[in-house]
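A.B. asks: Before we start, here is the structure in question, set down as structure tokens.
The values are calculated or read from the model by the stated rules, or taken from the named source; none is laboratory data. Treat the numbers as computed from the prediction; the structure is a model and nothing was measured. Cβ placement follows ideal geometry from the backbone for every residue including glycine, while neighbour counts extend to all protein chains displayed. When the accessible area is computed, the model is the full protein with side chains, heavy atoms only, and any ligands, DNA or RNA have been set aside. Shrake-Rupley method; radii C 1.70, N 1.55, O 1.52, S 1.80 Å.
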Amino acid sequence: MEQATNSIERKKTEQAANSIVFLAFVLLFFASPGVADPLTYNVLNYGAKPDDNFDSTQALVAAWTLACGSINPATIYVPPGRFLVRNVVFRGQCKNNGIVFRIDGTLVAPSDYKVIGSTGNWLFFEHVNGVSIYGGILDGQGTGLWTCKRSGKGCPSGATSLGFSNSRSIEIRGLTSLNSQMYHIVINGCNNVKVEGVRVSASGNSPNTDGIHVQSSSGVTILNTRIGTGDDCVSVGPGTNNLWIEKVACGPGHGISIGSLGKEVEEAGVQNVTVKTVAFTGTENGVRIKSWGRQSSGFARNILFQHAVMTDVQNPIVIDQHYCPDEKSCPDQVSGVKISDVTYQDIHGTSATEVAVKFDCSSEYPCSNIRLEDVKLTYRNKAAEASCSNADGTASGFVQPSSCL
């Protein structure tokens with residue numbers, strides 16, 4: 001009797017287990033990407049066409065409206081092909097905190113730069129939370145505007161290809177940005193942003209095409225990214241704190257720059273920035289801090305530049321507190337930006353100019369607590385030179401050129 005009872009109980013247990021496995025299979029099946037998912041919005045279903053000459057802007061807007069209005073996480077899908085898109089603003093507040101743009105194709109800006117050249121931004125997100133962009137190519141088609149700017153004619157300033165403003169919990173992974181009219185990616189007023197595996201590409205003489213610009217933001221991480229452009233590979237504006245940059249290759253470009261700072265009299269500072277395991281090839285600068293020569297409440301402090309390799313870089317290590325890029329309408333005042341607690345650790349490679357280390361600091365607020373640790377920079381197979389003005393600090397380990405601090 002007891003054996004029969006145990007046998008019945010085992011069968012019930014097996015049946016229950018089989019039911020659970022079957023239910024799990026059903027849920028997994030209907031959640032899989034191959035099955036029609038009401039929370040995946042394919043732009044083709046809203047009128048987009050993979051055609052350079054067909055305007056797919058409204059299809060993208062329609063997909064965003066549905067995804068943003070959903071109470072559950074949603075995916076906007078852009079399939080392979082080239083989709084022409086004009087300037088778009090993706091606004092929150094959304095009803096969910098998990099919208100994914102999965103891009104297997106290319107979003108293409110209008111070939112006529114005048115169409116979006118005065119809008120400021122091409123693809124712009126504001127007041128969003130939990131938006132992720134995975135994969136894809138953004139083709140800004142900026143070459144026409146660059147030519148116009150170089151000609152000296154009256155030209156629009158250009159549009160940033162991808163911008164995030166006043167947003168949080170943002171991820172950009174595996175994206176490629178080509179030939180932006182102006183900045184490639186801008187992160188402004190955001191918290192908790194991760195940029196990883198991104199590629200930025202534009203001509204070395206393309207004006208104002210910063211790769212990634214961060215300002216007024218906290219908790220931004222940039223990892224495993226390759227940037228070649230005509231301006232700063234990464235630029236760090238006022239109000240940035242807790243920024244982590246690691247494994248970035250830069251070139252061509254103007255290097256990784258904190259600044260420019262001090263453009264405004266009342267200005268938030270920059271602090272707690274780490275730049276490590278970076279490589280610069282043929283760039284105008286390596287690691288740079290720059291501020292305008294005018295009074296300002298700005299500052300830059302607690303900065304670490306670590307494990308950097310320079311290859312034929314014009315200014316491998318530079319602090320420039322008389323920044324004035326075109327030497328036109330320069331303020332010609334003393335910089336009020338206070339620079340302190342900056343460490344250069346394990347910086348090696350070759351300089352394209354004789355002066356590889358240049359600290360040109362404010363006479364009113366000298367740079368303080370600058371540390372050089374294990375630095376070796378050469379110029380034409382010989383020791384390079386260092387130049388210091390109003391800079392105070394220490395050198396430790398092997399330091400070449402000889403420290404002028």
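A.B. asks: How far is it, in nm, from the label point at Trp244 to the one at Ser216 when both lie 7 Å from their Cα along the line to the Cβ?
C.D. replies: Here the modelled spin labels are 2.5 nm apart.
A.B. asks: Kindly provide the GluC sites (Glu not before Pro) of region 228-322 that DSSP labels as loop, not H, G, I, E or B, and whose Cβ sees at most 12 other Cβ atoms within 10 Å. Display every interim value, and only then the final one.
C.D. replies: Values: sites: Glu246, Glu264, Glu266, Glu267, Glu284; in loops: Glu264, Glu266, Glu267, Glu284.
For GluC sites (Glu not before Pro) across region 228-322 that sit outside H, G, I, E and B with at most 12 neighbouring Cβ atoms in 10 Å, the list reads Glu266.
A.B. asks: Hey, got the dipole for the chain? About the Cα centre, +1 on K and R Cβ, -1 on D and E Cβ, debye to the nearest 20?
C.D. replies: Around 600 debye, computed over the chain.
A.B. asks: Also: Enter the accessible area per residue of region 242-378 (Å², integer; probe 1.4 Å; all protein chains in place). Can you show the working numbers first?
C.D. replies: Values: 5270 Å² over 137 residues.
On a per-residue basis, region 242-378 sits at 38 Å².
A.B. asks: Now for a separate question. Mind giving me the nanometre distance, one decimal, between the label points for Lys153 and Glu171, set 7 Å out from Cα along Cα→Cβ?
C.D. replies: About 4.5 nm separates the two model spin labels.
A.B. asks: I'd like the carbon and sulfur percentage of the solvent accessible area for the chain, probe radius 1.4 Å, heavy atoms only, ligands and nucleic acids excluded.
C.D. replies: 49
A.B. asks: Local charge sum around Ala59 (other residues, Cβ-Cβ under 13 Å, Lys/Arg +1, Asp/Glu -1)? Mind dumping the intermediate values first?
C.D. replies: On the way: positive: Lys49, Arg86; negative: Asp51, Asp55.
Neighbour charge sum, excluding Ala59 itself: 0.
A.B. asks: Further, regarding this structure: Tally Lys/Arg at +1 and Asp/Glu at -1 over every other residue whose Cβ is under 15 Å from the Cβ of Glu266; what's the total?
C.D. replies: +1
A.B. asks: Could you pull out every one of the lysines with an alpha carbon less than 19 Å from that of Lys263, ignoring same-chain neighbours closer than 8 positions?
C.D. replies: The qualifying lysines are Lys290, Lys328, Lys338.
A.B. asks: Which value, in Å³ per residue, describes the convex hull spanned by the Cα atoms of region 108-241? All intermediate terms of the calculation are to be shown ahead of the outcome.
C.D. replies: Working: hull volume 11.9 nm³, N = 134.
Taking only Cα atoms, region 108-241 has a hull volume of 89 Å³ per residue.
A.B. asks: For Gly230, what is the net charge nearby, where nearby means another residue's Cβ is under 11 Å from its Cβ and Lys, Arg count +1, Asp, Glu -1?
C.D. replies: -2
A.B. asks: Simple spin-label model, 7 Å along Cα-to-Cβ: Asn72 to Cys404 in nm?
C.D. replies: 6.5
A.B. asks: In the chain, which whole DSSP H runs stretch at least 15 Å along their own axis (Cα) and average 1.0 or higher on the Kyte-Doolittle scale?
C.D. replies: In the chain, the long hydrophobic H runs are 57-69.
A.B. asks: Take the Cα pairs of the chain, get the Kirkwood Rh, then feed it into Stokes-Einstein at 20 °C and 1.002 mPa s and tell me D in µm²/s.
C.D. replies: For the chosen part, D equals 93 µm²/s.
A.B. asks: List the cysteines in the chain whose Cβ has no other cysteine Cβ under 4.7 Å from it.
C.D. replies: Unpaired cysteines in the chain: Cys190.
A.B. asks: Filter the trypsin sites (Lys or Arg not before Pro) in region 31-131 to those in DSSP coil with at most 14 other Cβ atoms within 10 Å of their Cβ, and list the result.
C.D. replies: Lys95, Lys114
A.B. asks: Compute the length gained on full extension between Cys330 and Thr353: take 0.36 nm times their separation in residues and subtract their Cα-Cα distance, giving the result in nm to one decimal.
C.D. replies: Result: 5.8 nm gained on full extension.
A.B. asks: With a 1.4 Å probe and all protein chains left in place, how much accessible area per residue does region 36-231 have, in Å²?
C.D. replies: Counting only protein heavy atoms, the per-residue value for region 36-231 is 40 Å².
A.B. asks: Under 17 Å Cα-Cα from Lys194, which lysines qualify once same-chain neighbours fewer than 8 residues away are excluded?
C.D. replies: Within reach: Lys247, Lys276.
A.B. asks: Given the Cα-Cα distance of Thr378 and Asn53 and 0.36 nm per residue of separation, how much length would full extension add, in nm? Each step should come with its number before you reach the end.
C.D. replies: Numbers: separation 325, 0.36 × 325 = 117.00 nm, distance 5.16 nm.
Gain on extension, Thr378 to Asn53, equals 111.8 nm.
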